[in-house]
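The values are calculated or read from the model by the stated rules, or taken from the named source; none is laboratory data. Just so it is clear, the structure is predicted and the values come from calculations on it, not from any experiment. Methodologically, a virtual Cβ is constructed for each residue, glycine included, from the backbone with ideal geometry; neighbour enumeration extends over all protein chains shown.
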């Protein structure tokens, strides 16, 4: 299962970085969101001990005496909330710039140069 998490996280990071390097701002925003999902998957993969015990189960009831880490659930929930907020802000910036400059191509946005 750890190999599956590692492969999925690596592929998602690669797809996210590839999309971030595109010139289309919408595709770059999609890459940003794929990176957020990869980070959440990384938190999940790193925080699970064996994947059999949920975090709310008492450790004395487990055969090995060790439950999953509840801190990971809190980190993932916080990361999801932050990612939604920053993604909404990014989409708002893209919508405002596309209305103002009539394009979503980052090469054609030379009005942003100082």
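Based on what the data block shows, is residue 90 at pLDDT 90 or above, touching a helix residue (DSSP H, G or I) at 6+ places or on another chain (Cβ under 9 Å) and either within 22 Å of residue 21 (Cα to Cα) or surrounded by 15 or more Cβ atoms within 10 Å (Cβ to Cβ) (or both)?
Taking the combined requirement at face value, the residue satisfies it.
Inspect segment 59-69 for any residue being assigned to a helix (DSSP H, G or I), out of contact with any strand residue (DSSP E or B) (no Cβ under 7 Å at 6 or more places or on another chain), farther than 17 Å from residue 29 by Cα and modelled with pLDDT of 80 or more and give the result as yes or no.
no
Could you tell me which numbered condition residue 24 fails, if it satisfies all but one of (1) out of contact with any strand residue (DSSP E or B) (no Cβ under 7 Å at 6 or more places or on another chain); (2) surrounded by 14 or more Cβ atoms within 10 Å (Cβ to Cβ); (3) at pLDDT 65 or above?
Evaluating residue 24 over (1) out of contact with any strand residue (DSSP E or B) (no Cβ under 7 Å at 6 or more places or on another chain); (2) surrounded by 14 or more Cβ atoms within 10 Å (Cβ to Cβ); (3) at pLDDT 65 or above leaves (1) as the failure.
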